[in-house]
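Asks: Take this structure, written in structure tokens, and hold onto it; I'll ask about it next.
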Amino acid sequence: MSILQKFISTSKQAYQSIRIATIKPTGILATRVLVFTMLVPILLVVVEYVLAFIQGYVSDDMNKLINVGINIIDHIFIPSVLTALVGFLALWVDKDGDGIPDKLEEKDR
């Protein structure tokens, strides 16, 4: 058996394994990414506040970083953005496991 044939057979087996073990989108991973994305700016601003408190004084760079972080948090948590993100995440939910999100399977009323 040549190297090319071994490579092709190995590739076919790997593809079959991936196809069998495919992960259906349920929205859980997308929700975790969203929550992580929303918590990172909060954690960074809190860390900067703690570092400024420990240092005893706020430098210009640290002040700019804290202000930008607060602005990012302010823009992330406005109701319209939260509503849009939650609505978008609803398109990822697939309870029946057929690979098509349930919202896209619904028929018009």
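Asks: In the stretch 23-54, how many are touching a helix residue (DSSP H, G or I) at 6+ places or on another chain (Cβ under 8 Å) and over 30 Å from GLY99 (Cβ atoms)?
Replies: Result for the stretch 23-54: 8.
Asks: Which pairs turn up if I take residues in the stretch 76-94 that are in a helix (DSSP H, G or I) and look for partners that are of a type in the set (S, T, N, Q) and surrounded by 15 or more Cβ atoms within 10 Å (Cβ to Cβ) with beta carbon separation below 7 Å, at least 6 apart in sequence or on another chain?
Replies: LEU89/THR31
Asks: Here are ASP108, ASP60: which of them is among the acidic types (Asp, Glu), exposed (fewer than 13 other Cβ atoms within 10 Å of the Cβ), at pLDDT 80 or above and over 16 Å from the mean Cα position of the chain (by Cα)? Steps first, answer last, please.
Replies: Working: ASP108 fails: at pLDDT 80 or above.
Checking each option against the conditions leaves just ASP60.
Asks: How about the stretch 11-27: which of its residues are at pLDDT 65 or above and either among the polar types (S, T, N, Q) or surrounded by 11 or more Cβ atoms within 10 Å (Cβ to Cβ) (or both)?
Replies: Selection gives SER11, GLN13, GLN16, SER17.
Asks: Also, quick follow-up: Here are some residues: PHE88, PHE36. Which one is of a type in the set (Phe, Trp, Tyr) and surrounded by 11 or more Cβ atoms within 10 Å (Cβ to Cβ)?
Replies: PHE88
The values are calculated or read from the model by the stated rules, or taken from the named source; none is laboratory data. Nothing here was measured: the structure is a model prediction, and the numbers come from that model. Reconstructed Cβ throughout: ideal geometry from the backbone, glycine too, with neighbour counts over all protein chains shown.
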